[in-house]
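What follows is one structure encoded as structure tokens, with my remarks underneath.
The values are calculated or read from the model by the stated rules, or taken from the named source; none is laboratory data. As the structure is a prediction and not an experimental result, all values here were calculated from the model. Heads up, the Cβs are rebuilt from the backbone with ideal geometry, glycines too, and the neighbour counts pull from every protein chain shown.
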Amino acid sequence: MTTDTVTVTGLRAVYGTGTRRVTALDGVTTSFASGTFTAVMGPSGSGKSTLLHCAAGLDRPTEGSVTIDGTRLDDLDEDELTRLRRDRIGFVFQAFNLVSTLTAAQNVELPSRLARRRPPAGDVTAALDAVGLADRAGHRPSELSGGEQQRVAVARALITRPAVVFADEPTGALDSASSRQVLRLLRALVDDHGQTVVMVTHDPAAAAYADRVLLLADGRVVDELTGGITAAAVAARIAEREIVAESSC
Amino acid sequence: MLSVRRSASAFVAVAIGVTLVAAATLLLASGRPQVPDRLARAAVVVQSPEAGASADQFVPTRPWSATAAAGLVGRLSGLPDVVAAVPDRTFYAQPLVDGRPSAADSGREDAHQGHGWSSAQLGGLRLTAGEPPRRAGEVVVDRALGLRVGAPVTVLTAVGPEPYTVTGLVDGPGVHVADEVAAALAPGVRAIGLVLAPGADPERVAMAARGVVGGDGRVLTGAARGVLEPPGDARTRWIGMQVLTATAALAGFVTVFVVSSTFAFTLAQRRRELGLLRAVGATGRQVRRMVGAEALAVGASAGLVGLLLGAALAPVLGRLLVDVGYEPSTFRVRYELWPVAVSLAAGPVIAVLAVWSASRRAARVRPLEALREAAVEQRPIGRLRAATGTLLLATGVALSVGTATADEARVAAQYALYAVMALVAGATVLAPVVVGPLVRLLRSPVRRPGGAIGMLVRGGALTATRRTAAIAAPVLLTVAFAVLVSGMVRTTSAAYAAGRADNVNAGWIVVPDRAPGLSDRAVAATGGTALLPTTVYRTDPATPPKDRPLTALGVEPEGFAAANRVLTVVAGSLDDLTGADTVVVTASANLLPSEPYPVVFADGTSVSLRVVAVVTDTSIPGDLLVPRAVVRAHDPSALTSTVYVRDRIDPPVGARILDVPAWAAEADAAEDRLIWLFTLLLIGVSAGYGAIAVANTLLLAAAGRAADLRLIRMAGATRRQVIWLVTAESALVVLIGALLGGAVAFVGLLSVRAGLAEQVGAPVDLMVPWPVVAGVVGLCLLLAVLSSVLPTWRLLRHRPARSPVGG
């Protein structure tokens, strides 16, 4: 029996006031089990990114609570939240993942350095090796391709052995070959290292790498797929949802 | 995290700032009083008691009377190891060469000073030819004058031109006469020099001398004898000190200002990177410390470079200061420890101060910012910032009013500087609020038919108001400084000149020409109304400073009353100012006619005067009026400063004649010239620095704009359009800065004018030296356009399509 690494309960996120009021999340309750790969999908404005930001402690929800690895985020102040992110959470963003003035290796060891730990040199090399970039450790981001930059980000997410890795459209800016490489890496994190991965994407092909797909619309979880996920199945389910949505109007 | 390219602009800004600070402090430390050559051989000098505090700190000490001096000399010569105790007498004596004062030495104060021959041994002067003066009418002069032994020479004294015979020549400035002649010309003694036996310890002799003198004087040894330098040199040195202090303060301020805007700017550009750091686990404090450490490293290295440059620059500047008249000709640059230490510390301190607010903002960057567009930062300024800005502006306005009402022009210039600093800082803090409305206001000139460029320029300026404000800040600083300082100085001197001309009721005015004053015979030749100023010392038991120096004017009451339009008698009658013991005081003395008024005159004698009249404070250009004959009796070397005459006459030797407006404009001409030079120096420092900062920020901005411009290119803009866009953008920013700076300056100038009008009692015209303003704005515009167009042009040589974006 697996335990839940991340639990969100009754999440509501409201931005703006008056007529410009936007409800990004409208009561989301779900959990992400340890050692699983979850894809969060939905059309633009469905709240998938907000869910990820709130679950990762990058943003605070208006209502509801988030628990990561047994710690309730709403009890933490900004510095405690930062330390939690540093120690327990890994990130891969769509772009601009790396500090441009640091080499790949320095970027990988950055979170540990910020926590005043010096990671054993072997760990950094191993992490870069795991993403197939051991030979590019000394290169700066500008000397790396987009796919390589994302793989460095995956290596960085890996090195602190976090409780969960959040990925926000990690393949959004990549060509399909690079995308596949990055997704295989994320998959390998789960299979080989027992990592927990939560990924936001709008690409059914990317979602097919996950164990479970959450479909969001208008700030609510509207559907969920598990087991034997294929791109075609995901795409079909999305299309179905859209037809339902349109006919209900 | 340090990147060379990113830190370069902050480095340059700090280095230039520290260069200025180092040069200014080195010069400041070098500006110590020099022991006059004339007294170099007197290891111990006893000086007469210091005068009490006064507005003008360059008054001579209260002299001993001839009797008191003789008594002291007798007792001092009796001390062990003292070979001779020589009373040093100084009086006005100017040799005429070819019937005119020598032009070559008119700048040196000691060239027109006379002394008794015995003083020569205090400076180790030896005759190069001839014999010492022994009788009245004999004189020893400087060999440099080109006179021969036995030749006749005319010497100008306070009485008038006197015929003398040259009996000897020496290698030093000034004239020497027989001791008895000197004693008659300068009965009061202000210094007694002690010549010691070889090998004697000056400190031990000084101890013994202190025992003899007691409270009636100060015993000086070593470098402390520097206070005996001519008061004129001390004055020049003081002006130099003010200039250097102001320059150092300004340099420090401008550096902190420019460096902080540079840091704010680089950090704003690194927002996304900072957000990423926050996302992967950097706490706010870690970000702040990182930014601080970067600043410290940049500051320390730039400080070192600045120090070396400043040290190299100091001697050049020193020579310049002497040439211009801010330092006496005896000035030499000395490399002392403290300026070096100050400059070494200045770099890091400036950098850390400058980065302080930016680092606080950097630490507040939310982790999510890594995911957002960096340029869009629309937060209106915070309440704390608004309060700070308002407070600074208020302080600035208060100081501007203080400027206008300060008594002395030079003090006013100092106030002005701090006023501008406060106003500029306030305006910069509040600038982001004003940028939006201002850009909308300026819309029409930027809009062109079908104006995509106008739209882009406006959009850019409006979306990133903070960025726009940050780039405009150095322009604001530069323009505000130039307009406010130059306008303030011009307006003030014009107002004072107008006030002076108003007060005088005479056709023409006779003033000294290449001489410190007019002699009695010259005054008699003009037949006008003369002012014969002398310094008297008053010890009032009621008001503390002992021996308070006062300016007493020797006048003929009738003529003086006729020539002075503002004379208002409060009590008594000016006609009673005839007896040897009569005095007219001003209302602030708080006395009534017939009350006693004891003073010490320049000959050291104490006289109890009797008040015969009281006039208002603004009635007379001094503190007291006494009969002219009284001044002459007590101060044989007093010189007339001004003579009012009704009709134009031929001026006597050593004098010139001016009409009233010319005199009023010229009265402080020498001082005004120094102040104007000072002003230009300050404007030069701030404008030069501001211009560099403008270029600096725009170069940075251009680098940050690369991605945007590429996008605009891809959207179909031609190269020319992009260049035009960039030009228009930088011109808009300069315009915003210039307008804000001008507005700040205008507020300041208006308060100055209000204060002045009240003080002068007449409406005052605002004077703004437009060429200076135009030059400063033009310089900013030129540099701004160049520094944004050049990098853009380089960028555009590549094709717009695929090239790696940033990092």
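Do we have any residue at all in segment B:88-101 that's in a strand (DSSP E or B), more than 30 Å from B:V600 (Cα to Cα) and of a type in the set (D, E, K, R)? Quick ask: steps written out before the conclusion?
Filtering segment B:88-101 for residues in a strand (DSSP E or B) gives B:88, B:91-92, B:94-97, B:100-101.
Those still in the list that are more than 30 Å from B:V600 (Cα to Cα) too: B:95-97, B:100-101.
Still in the list and also of a type in the set (D, E, K, R): B:100.
Within segment B:88-101 (the criterion being in a strand (DSSP E or B), more than 30 Å from B:V600 (Cα to Cα) and of a type in the set (D, E, K, R)), the answer is yes, since at least one residue qualifies.
Quick check on A:D74: is it closer than 18 Å to A:A217 by Cβ, more than 9 Å from chain B (Cβ to nearest Cβ), more than 17 Å from the chain's Cα centre (by Cα) and charged (D, E, K, R)? Show your work before the answer.
Details: closer than 18 Å to A:A217 by Cβ: no; more than 9 Å from chain B (Cβ to nearest Cβ): yes; more than 17 Å from the chain's Cα centre (by Cα): yes; charged (D, E, K, R): yes.
For A:D74, the condition - closer than 18 Å to A:A217 by Cβ, more than 9 Å from chain B (Cβ to nearest Cβ), more than 17 Å from the chain's Cα centre (by Cα) and charged (D, E, K, R) - is not met.
Residues in segment A:79-99 that are at the interface with chain B (Cβ under 7 Å from one of its Cβ atoms) and without any contact (Cβ under 8 Å) to a residue 12 or more places away in the chain: A:D79, A:T82, A:F96. Restricted to segment A:100-110, and to residues that are in contact (Cβ under 8 Å) with a residue 12 or more places away in the chain and either under 17 Å from A:S179 (Cβ atoms) or surrounded by fewer than 21 Cβ atoms within 10 Å (Cβ to Cβ) (or both), which residue is farthest from the other protein chains (Cβ to nearest Cβ)? The qualifying residue farthest from the other protein chains (Cβ to nearest Cβ) is A:T103. Only one entry of B:G303, B:G275, B:G292, B:G299 meets the criterion of being within 14 Å of another protein chain (Cβ to nearest Cβ) and of a type outside the set (V, I, T), and that entry is B:G275.
Within segment B:307-315, is there a residue that is surrounded by fewer than 20 Cβ atoms within 10 Å (Cβ to Cβ) and either more than 27 Å from the chain's Cα centre (by Cα) or under 30 Å from A:S112 (Cα atoms) (or both)? Checked segment B:307-315: no residue is surrounded by fewer than 20 Cβ atoms within 10 Å (Cβ to Cβ) and either more than 27 Å from the chain's Cα centre (by Cα) or under 30 Å from A:S112 (Cα atoms) (or both).
Output the strands (runs of 3 or more DSSP E) that fall wholly within segment B:528-631 and possess 2 or more residues being in contact with a Lys or Arg (Cβ under 8 Å, 6 or more places away or on another chain) and farther than 30 Å from B:I509 by Cβ, or say none. Spell out how you get there, then give the answer.
Details: elements: B:529-538, B:548-555, B:569-572, B:582-586, B:596-600, B:606-615, B:624-627.
Of the strands (runs of 3 or more DSSP E) lying wholly inside segment B:528-631, those with at least 2 residues that are in contact with a Lys or Arg (Cβ under 8 Å, 6 or more places away or on another chain) and farther than 30 Å from B:I509 by Cβ span B:596-600.
Looking across segment B:171-186 at every residue that is more than 26 Å from B:G222 (Cα to Cα) and touching a Ser or Thr at 6+ places or on another chain (Cβ under 7 Å), the one that is surrounded by the most Cβ atoms within 10 Å (Cβ to Cβ) is identified as B:A186. For segment B:612-621, the criterion of being closer than 30 Å to B:P49 by Cα, of a type in the set (D, E, K, R) and loosely packed, with under 14 Cβ neighbours inside 10 Å is met by at least one residue. Being in a strand (DSSP E or B) and surrounded by 18 or more Cβ atoms within 10 Å (Cβ to Cβ) is a description that does not apply to B:V258. Go over the candidates A:T36, A:T30, A:T23, A:T5 one by one and state the one that is under 24 Å from A:A207 (Cβ atoms), polar (S, T, N, Q) and in contact with a Lys or Arg (Cβ under 8 Å, 6 or more places away or on another chain). Being under 24 Å from A:A207 (Cβ atoms), polar (S, T, N, Q) and in contact with a Lys or Arg (Cβ under 8 Å, 6 or more places away or on another chain) holds for just one of A:T36, A:T30, A:T23, A:T5, which is A:T36. Just one of the listed residues (B:A561, B:A530, B:A552) is under 18 Å from B:S641 (Cα atoms) and over 34 Å from the mean Cα position of the chain (by Cα), namely B:A561.
Working carefully through the options B:L783, B:L795, find the one that is of a type in the set (A, V, I, L, M), in a helix (DSSP H, G or I), assigned by TED's automatic domain parsing to the domain that holds B:R719 and modelled with pLDDT under 80. Before the answer, list the steps.
Values: B:L783 fails: modelled with pLDDT under 80.
Answer to the check: B:L795.
Scanning segment B:574-581 for any residue that is surrounded by fewer than 21 Cβ atoms within 10 Å (Cβ to Cβ), assigned by TED's automatic domain parsing to the domain that holds B:S637 and on the phi > 0 side of the Ramachandran plot turns up nothing. Here B:A249, B:A200, B:A223 are screened, and the one residue that is of a type in the set (G, A, S), within 30 Å of B:L477 (Cα to Cα), surrounded by fewer than 20 Cβ atoms within 10 Å (Cβ to Cβ) and in contact (Cβ under 8 Å) with a residue 24 or more places away in the chain is B:A249.
For segment A:84-99, residues that are among the β-branched types (V, I, T) and surrounded by fewer than 24 Cβ atoms within 10 Å (Cβ to Cβ) total 1.
Taken together, B:V149, B:V140 contain a single residue that is free of Cβ contacts under 8 Å to residues at least 40 places away in the same chain, of a type in the set (A, V, I, L, M, F, W, C) and part of a loop (DSSP other than H, G, I, E, B), which is B:V149. Considered as a group, the residues in segment A:111-149 that are more than 23 Å from A:S178 (Cα to Cα) and not in a helix (DSSP H, G or I) include one that is farthest from the other protein chains (Cβ to nearest Cβ), and that residue is A:P120. For B:R285, indicate whether it is charged (D, E, K, R), within 14 Å of another protein chain (Cβ to nearest Cβ) and out of contact with any strand residue (DSSP E or B) (no Cβ under 8 Å at 6 or more places or on another chain). It is true that B:R285 is charged (D, E, K, R), within 14 Å of another protein chain (Cβ to nearest Cβ) and out of contact with any strand residue (DSSP E or B) (no Cβ under 8 Å at 6 or more places or on another chain). From the list B:G222, B:G188, the lone residue that is at negative phi and in contact with a helix residue (DSSP H, G or I) (Cβ under 8 Å, 6 or more places away or on another chain) is B:G188. Inspect segment B:268-291 for any residue being buried (at least 23 other Cβ atoms within 10 Å of the Cβ), among the hydroxyl-bearing types (S, T, Y) and over 28 Å from B:G31 (Cα atoms) and give the result as yes or no. No, segment B:268-291 contains no residue that is buried (at least 23 other Cβ atoms within 10 Å of the Cβ), among the hydroxyl-bearing types (S, T, Y) and over 28 Å from B:G31 (Cα atoms).
Against the list (1) in a helix (DSSP H, G or I); (2) within 14 Å of chain A (Cβ to nearest Cβ), the condition B:A314 fails is (2). Of the strands (runs of 3 or more DSSP E) lying entirely inside segment A:34-100, those containing at least 1 residues that are of a type in the set (F, W, Y) and touching a helix residue (DSSP H, G or I) at 6+ places or on another chain (Cβ under 8 Å) are A:37-41, A:89-92.
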